[in-house]
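What follows is one structure encoded as structure tokens, with my remarks underneath.
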Amino acid sequence: MKATERFKKRYVHFRVIGNAIVSESEIRNCVHENVLGFFGESGMSKAAFKLVHFEYSKRMGIVRVQRDLLERMVVCLSLVNSIAGKEARLECVRSSGTVASLLRKSK
């Protein structure tokens, strides 16, 4: 793949706020549905989002997104009000260019 074809990635660190017990698959489905609703199908493919990391014990996760759509992804994650019918929301903590720096700062 040529360097010009690759997209520049950013990673968004988020926390699950609420007392509901949610699994990684529920988070993945919730984020997928919200991104699809917020961006639409073509926007979702351009965003190239992916749930990269989720730590159940800390109730935190990391989502990958294309750099140009970082702000829209933060808004999209902030609009989550329920996860799998359970009352919980996602709070974006910070963003970075590497997963390692987000994991290091989350400790």
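Computed from the Cβ-Cβ distance with R0 of 35 Å, the FRET efficiency linking Asn81 to Glu5 stands at 0.45. With the simple model of a label 7 Å out from the Cα in the direction of the Cβ, Ser57 to Lys107 spans 1.3 nm.
For the range 49-90, the square roots a ≥ b ≥ c of the C-alpha gyration tensor eigenvalues yield an a/c of 1.5 or more together with a/b not exceeding b/c, which makes the shape oblate.
Which value in deg cm²/dmol, rounded to the nearest 500, describes the helix-derived mean residue ellipticity at 222 nm for the chain, given -39,500 (n - 2.57) per DSSP H run of n ≥ 4 and division by the residue count? Value at 222 nm, helices only, nearest 500: -12000 deg cm²/dmol. Principal-axis analysis of the Cα atoms of the chain puts helix 24-47 at an angle of about 40° to the longest axis. Along the axis of the charge dipole computed for the range 9-105 (Cβ charges of +1 for Lys and Arg, -1 for Asp and Glu, origin at the Cα centre), the listed residues Ile62, Ser78, Ile17 are led at the positive end by Ile62. Distance from a point 7 Å along Cα→Cβ of Val93 to each backbone N in the range 44-72: keep the residues under 15 Å and list them by number. Hits in the range 44-72 for Val93 at 15 Å: 52-64.
All of the numbers you see were taken from the coordinates with simple rules; none came from a lab. Computed from a predicted model, the values in this text were never measured in an experiment. Glycine also receives a Cβ, built like all others from the backbone with ideal geometry; neighbour counts cover every protein chain displayed.
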